[in-house]
1. For Q152 and R83, what is the calculated FRET efficiency with R₀ set at 25 Å and r taken between the beta-carbons, to the nearest 0.05?
2. Label-point separation (nm) for S215 and R257, each offset 7 Å from Cα along Cα-to-Cβ?
3. What nm value, rounded to one decimal, do you get for the distance between Q203 and S266 when each label is placed 7 Å out toward the C-beta?
4. So, R0 is 22 Å and r is the distance between the beta-carbons of E273 and V245; what FRET efficiency does that work out to, to 0.05?
5. State the extension gain, in nm to one decimal, for the chain segment bounded by L7 and E145, taking 0.36 nm per residue of separation less the distance between their alpha-carbons.
6. Take peptides 104-115, 82-93 and line them up by average Cβ neighbours within 10 Å, highest first, as a rough protection proxy.
7. Quote to one decimal, in nm, the extra length available between D224 and F91 on full extension: 0.36 nm per residue of separation minus the C-alpha distance between them.
Amino acid sequence: MALLYSLLWRLLLVLVHINRALVSWFRARLRSWKGRLWERAVAALLLPVALAGFPDHQKKLIQNPNANANPVTENRTAGRRSRWLSDGRSFEKLPVHIGLLVAEEEPSYTDIANLVVWCMAVGISYVSVYDNQGIFRKNNSRLMEEIVRQQQDLLGADGSKYNVEFLSNGSDQHQHHVLSCRPTLKVLSPEDGKQSIVQAAQQLCRSVENKERSSKDISVSMLDTMLRESKNTPDPELVVKFGPVNSTLGFLPWHIRLTEFISLPSHRNVSYEDLLGALQRFGVCQQRLGQ
């Protein structure tokens, strides 16, 4: 009988422990469920507020796409634009047409694009890019893409004010992707040099052969008029040559009679200060025009 009481007592103790464990488990589950229910209730209350504010935020972004722009970057870009504009106005003499002559084997599209954008920013209207191998002519689309990219990086939101007009060579027809007429960029190759003079001379000879002109009518001024009409740009007052070669490499031989040449070691990693120094040297040079 004592053994039976002992077994019953032990069974009751086991049942009590099981009951306490179940109660603790249910309490923990109840707290977790209440917490999730509270979170869901709060989320349900805040959701309409969030949905109501979203269209206004979208509207603001549409009206001002630069609203989330980094103010530090914007200030830096504005400071650069202001400096370049001030530098352009400070020169007593600024070239209307500048040539960028690359006398190096491996051209850098990014560095040339930077030079073109800097020229635009200081107020130069015509920029010609030339290399003796005709690489930029063959890849003018790539050059234009790089110029647009550098416009956005260097000029920021005001880059649209400096959209480039690209003149294709030969007929000088405007490319379809050009949006503005100033400043003007022209990509040149050796074909625009001596070859253009040969073509003009051949045209004059054919006109004499066809009795359209007399041989007495042919003069230097007539040839000059034909060559200038084919280029449709003013003569370059300044050409910045990049590289160790001391030669013009056939750069527009008819149009550089009064052009000032300034040499820089390389166009790779060229800085704005390098271009500024060349413009300052041009600004103080005296062109005696043969006197």
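1. Efficiency, from the Cβ-Cβ distance: 0.85.
2. Distance between label points: 2.4 nm.
3. Computed distance between label sites Q203 and S266 equals 4.1 nm.
4. 0.40
5. Net length gain for the segment: 40.5 nm.
6. 104-115, 82-93
7. 44.8 nm
Coordinate-derived values only; no laboratory data. Computed from a predicted structure; not experimentally measured. Cβ atoms come from the backbone with ideal geometry, glycine included; neighbour counts cover every protein chain shown.
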